[in-house]
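The values are calculated or read from the model by the stated rules, or taken from the named source; none is laboratory data. The structure presented is a predicted model; accordingly, all values stated were derived computationally and were not measured. Neighbour counts are summed over all protein chains in view; Cβ atoms, including those assigned to glycine, are modelled from backbone coordinates with ideal geometry.
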Amino acid sequence: MTPRLSRRRFVAVASALTAGLAGCAGGDATPTATPTASATATPARTDPASVPDDASCAVCNMVPANFPDYNAQLTVEGDGRVFFCSSGCLGAYYVDPGHFEPSHEGATFAGLWVHDHGTKELIDATAAWFVRETNADRVDDPMQRNPLPFADRADAEAYVAEYDDLTDADLLQLADFDMELATFYRGRFFDTSGN
């Protein structure tokens, strides 16, 4: 499987090539200095941000700041940042971003972050491994049922090995998320019947 070129890596490579070409053309190979960011500067769309106390989850309307070990976020190129209480809500939004508010149908996501289930550190969701956890009694997290993110595949495999009802088929990456998985975790938020 060929690894995908992330936006961050693409920007870094493009910047290096631009600087190198400028040097070959007789220009200054030193990139132009950027102004120093202040403490109140807005994080780049490719970096996670602190979750505002008044933010609501775009899927379930819970308060993500109340779940510092589980909340998640994503950025949309040119159009803001969206916060979630958990990886399950982020997954539902990722699969069908036009279904929720704010709607970002057809948008390009610049960055996606979740908290590692073991370390609780914020990690890149596009590089994470997820366990399709189906037993809400095993995890004390928001919404009672979420795919469990891990920064390393080995940690996800170790979690799966702890339980007889989980197998390697329950190891996923974000690209594997589909409507079946989204509705398993957040089906009631896709129900349009009015019930």
Point to revise | Any hit, the range 100-114, residues being buried (at least 17 other Cβ atoms within 10 Å of the Cβ), touching a residue at least 12 places away in the same chain (Cβ under 8 Å), touching a Cys at 6+ places or on another chain (Cβ under 8 Å) and more than 22 Å from A158 (Cα to Cα) | key: no
Review point. In a loop (DSSP other than H, G, I, E, B), exposed (fewer than 14 other Cβ atoms within 10 Å of the Cβ), over 14 Å from the mean Cα position of the chain (by Cα) and on the phi > 0 side of the Ramachandran plot - does that describe any residue in the range 126-135?
Key: no
Check your understanding: Which members of the range 131-153 meet the condition of being under 16 Å from K120 (Cα atoms) and free of Cβ contacts under 8 Å to residues at least 40 places away in the same chain?
Key -> V139, D140, F150, A151, D152, R153
Exercise for review: Would you check if there is a residue in the range 81-92 being within 20 Å of D54 (Cα to Cα), hydroxyl-bearing (S, T, Y) and surrounded by 23 or more Cβ atoms within 10 Å (Cβ to Cβ)?
Suggested key: yes
Practice item. Restrict the check to the range 168-181 and report whether at least one residue is assigned to a helix (DSSP H, G or I) and within 19 Å of F83 (Cβ to Cβ). Key: yes
Check your understanding: Just to be sure, is T108 hydroxyl-bearing (S, T, Y), within 17 Å of the chain's Cα centre (by Cα) and at pLDDT below 95?
Key -> yes
**Study point:** For D164: the one exception among (1) part of a loop (DSSP other than H, G, I, E, B); (2) more than 26 Å from G111 (Cα to Cα); (3) touching a helix residue (DSSP H, G or I) at 6+ places or on another chain (Cβ under 7 Å)
**Key:** (3)
Exercise for review: Taking the residues in the range 136-161 that are in a helix (DSSP H, G or I) and within 19 Å of the chain's Cα centre (by Cα) as candidates, determine which candidate is farthest from T108 (Cα to Cα).
Suggested key: D155
Point to revise | Residue satisfying all of: in the range 182-195; of a type in the set (F, W, Y) and in a helix (DSSP H, G or I); nearest to M62 (Cα to Cα) among these | key: F189
